[in-house]
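S.K.: First, the structure itself, so that you have it in front of you.
Only the coordinates and a few stated rules stand behind these numbers; no lab work does. Note that the structure is predicted; figures quoted are calculated from it, not measured. When we count neighbours, we look across all protein chains shown, and the Cβ atoms used for this are built from the backbone with ideal geometry, even at glycine.
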Amino acid sequence: MQSMPPNASTGEPLNGLPEKAARLAVNLMRAFARVFSILVLLAAWQWLSQSGTFTPYQLPSFTAVVGRIWDDATTGDLAINAGLTLYRALAGFAICAVLGIAIGMAMSRSVIANWFFDPIISVGFPMPKIAFLPVIILWLGVYDTAKITMIVFDGIFPVIAATVIGIQGVEKELIWSARNMGASKYEVLRHVVLPAASPQIITGLQVALPLSLIVTVVAEMLMGGYGLGGAMMQAAHFANSTSVFAGIVEIAVIGYVLIKAMALVRRRLLVWHPEANAPATA
Amino acid sequence: MTDPIQPPAQIVVDRVTHMYRPPRGKPVLALDDISLTVQNREFVALLGPSGCGKSTLLYLIGGFLPIEKGAIISDGQKVTGPGPDRGIVFQHFALFPWKTVKHNVLYGMERQSLPKAEREKRAMDFIELVGLHGFEDSYPSQLSGGMRQRCAIARTLAFDPKILLMDEPFGALDAQTRGLMQRELLAIWQRSPMTVLFVTHDVQEAVYLADRVAVMSARPGRIKTIVDTKFDKNDPDIFKNKFFVDKVDEIWNLIREEAIKAQGKRT
C-alpha cells in the first residue's frame, strides 16, 4: 500500500497537465454539443440537395451556397449589403433603445406622460406595424430614413413596455434607502431606479434587437435598394436561387452574432444579479 | 455625579395620526393620536401585533411618508423629509444589489464632505465591525441573509446618523442568526450608544435589546403602555434571569389580547 503513488487510490492526476487536457476536452465537447443540431440541419440540407429529389434551382447545395458567399465576399458585394443591413438594424435599434427608455422613464415619472402614451402603446404594441409601410414610403421615400423609421416603429414598443414594468417593480425600500443617505431625486433615478430596472430593460432590448434585424430585412425586401433583403429580392427576380439561399445564411449568421453579443452585454452588465450564477441560456 | 443639564430628547412624536390610503378602497386609520418621546442615546423598542402600524410610525419618523396630523421633532427639528441624521435599516436589507459590499457602505458617505481616503478607511472599519472582512468585493446576491443585514447595518452606521431606525431588522433571519445578530447589535450599541428606535413583534427581542418597550395596540395603532426594561443585559444567563422572564411575561400578557384582536379583525 505504501509503495503506491499518493493519489492513485483517488484516481486524481498527479500533475496539472492531464487535468487541463481533460477540461479542454470537456469544453470542446460542450461547444460541439451546442452546435450539434445546426450541423445536423446543414448535413441534411447538403444530403437532400445531392439526393436528386430537387433540382439545384429548387434547392442549391450548402457547399454551392458557401461558394457564392465566398464569391460575394471577394467582390465586395457582401461587405456592402451586409454592412448596410447591419447599419440600418443597429441605427434603428439604438434609436429604439434611447427613445424607448426615455419614454418609459417619462411614463413612470409623470402622470401626464403616462396618460398620454399609455393608450398609444396599448393600441400600437399588438398592431402589425408593417401595415404602415405604404404610408411611410409615401411620406419618407424608400431610402434609409424610411427604413430606419420602420425599424424604430416596430422595435420601440418592447423597450417602452420593459422600462415601464421594470421601473414599476423597483422596491420602494431601495429608493427610501438612497433618499435616507442624502441622494437627490435625480441621483435616485440614476443610481437606484435605472440600475434596479436594468434586468427588465435589457430584456426589452433583447427583444428589440432581433426585431430590428427582422424589420430591416423586410423593409429592404419591400423597398429595394442595397442591403441583404434588397439583394435577395434582386436575385429572386433573376431566378438566382443560390444567391437567395446565400442571403438566408448571411442573415442567419448576422442574427446569431447579434443575439450572442447582446447576451454577452447582459452578462457583463448584470454580474451582480443572481442570474449571473445560473447557467446561461441565450 | 450626573449631568445637571439633561440633553434634549432626540425624537418627539407629538399626537401623530395617520390614515393609510390603499390604491383602491376606503382609507384606514393606521395610527391614532400617537405620542412618544425617545431620549438621547436611548434604545426604545416599538412592539405590537402585525398590522398595528409600528412600521408606519418608523417611516413617518424617517420622513418617508407625509405627516398629515401632528408633528415629529427629530433632534430639535421638525421632520419634513428623509435625511441622513436618521439612518434606517429595513427588514429586507434594501441593499443595492448592483453594488459590492464596499460600495454599498460607501454610498452614504459619498454624499458627505469626507476626503476619499477617509471614506475608504471608514468603510473598511465598519465592514470589519460587522464581521464582513474579506467580503468587501462580494455582491449582496452572494451573501447569506445574516451577512446582508450586517452589510445594511454597516452601511447605515457608516454615514454616522444620530438616530438609528430599525424596521424588524432581524425578522427575515433564521433563529440562530437572529440570536447572534441581537447580541452583536447590543455590543455595538453598548460600545457607542446612540438613539435607537427598534420595531419588532418579538417580545424577547424587545426586552433583551431595549431600555424601554413601547407596546402598541392592534389597528388603529395606539401606544398602549411603555414598559421599563433597563437592566444588566450582559448576564450570560439572561434568558433565565428572573427579571427578564418576568418582563417578557408582563409584556406578553399585554400584547396577547391585542394579537387576538388583530387576528379576529382580519377574518
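S.K.: When a footprinting reagent is the concern and you count Cβ atoms within 10 Å, what order do A:HIS191, B:HIS103, B:HIS133 take, fewest first?
M.R.: Sorted ascending by nearby Cβ count, the order is B:HIS133, B:HIS103, A:HIS191.
S.K.: Relative to the longest principal axis of the C-alpha atoms of chain B, give the angle of the C-alpha long axis of helix B:175-191, reported between 0 and 90° and rounded to the nearest 10°.
M.R.: 80
S.K.: A further question follows. So how tilted is helix B:242-266 from the main axis of chain B? Cα-based, degrees 0 to 90, rounded to 10.
M.R.: 70
S.K.: May I ask for the distance between the Cα centers of region A:212-282 and region A:83-102, given as a whole number of Å?
M.R.: 13
S.K.: Where a ≥ b ≥ c are the square roots of the eigenvalues of the C-alpha gyration tensor, would you call region B:25-82 rounded, which needs a/c under 1.5, or, failing that, prolate if a/b is larger than b/c, or oblate?
M.R.: Here region B:25-82 falls in the oblate category.
S.K.: Hey, what angle do you get for helix B:145-158 against the long axis of chain B, alpha-carbon based, 0 to 90 degrees rounded to 10?
M.R.: The angle comes out at about 80 degrees.
S.K.: Within region B:178-240, which trypsin sites (Lys or Arg not before Pro) sit in a loop by DSSP and count at most 12 neighbouring Cβ atoms inside 10 Å?
M.R.: Sparse-neighbourhood loop trypsin sites (Lys or Arg not before Pro): B:LYS230.
S.K.: Next question, about the same structure. Report the one residue of B:ALA206, A:ILE160, B:ILE260 whose Cα lies farthest in the direction of the positive end of the charge dipole of the protein assembly as shown (charges on C-beta: Lys and Arg +1, Asp and Glu -1; origin at the Cα centre).
M.R.: B:ILE260
S.K.: Helix-only mean residue ellipticity at 222 nm, chain B, DSSP H runs n ≥ 4 weighted -39,500 (n - 2.57), per residue, nearest 500. What is it?
M.R.: Here the helix-only value at 222 nm equals -11500 deg cm²/dmol.
S.K.: Alpha carbon centre of region A:177-208 versus region B:11-61: separation in Å?
M.R.: So the separation of the two Cα centres works out to 29 Å.
S.K.: Name the shape class, rounded, prolate or oblate, that the alpha-carbon gyration tensor gives for chain B, where a ≥ b ≥ c are the square roots of its eigenvalues, rounded holds for a/c under 1.5, and otherwise prolate holds if a/b is larger than b/c and oblate otherwise.
M.R.: Rounded shape, in that the Cα axes give a/c under 1.5.
S.K.: Contact order normalised by length for chain B, with contacts defined as Cα pairs under 8 Å and 6 or more residues apart; what percent is it?
M.R.: Computed value for chain B: 26 percent relative contact order.
S.K.: Let me ask something additional. Which helices, taking whole DSSP H runs in chain A, have alpha carbons extending 24 angstrom or more along the helix axis plus mean Kyte-Doolittle at least -0.5?
M.R.: Both cut-offs are met by A:16-50, A:77-109, A:144-168, A:194-223, A:241-269.
S.K.: With label points built 7 Å along Cα→Cβ from the Cα atoms of B:ALA175 and B:LYS26, find their separation and express it in nm.
M.R.: My value for the distance between the label points is 4.2 nm.
S.K.: Let me make sure I get this right: for chain A, a, b and c are the square roots of the gyration tensor eigenvalues over alpha carbons, sorted descending. Under 1.5 in a/c it's rounded, otherwise prolate if a/b > b/c, else oblate. Which is it?
M.R.: Since a/c reaches 1.5 but b/c is at least a/b, the shape of chain A is classed as oblate.
S.K.: Among A:ALA91, A:ALA82, A:ALA178, which one shows the biggest mean-square fluctuation in a GNM of chain A, springs joining Cα atoms closer than 10 Å?
M.R.: In the Gaussian network model the winner is A:ALA178.
S.K.: Further question on the same structure: Between region B:176-246 and region B:129-174, what is the separation of their alpha carbon centroids in Å?
M.R.: Centre-to-centre distance over Cα atoms comes out at 19 Å.
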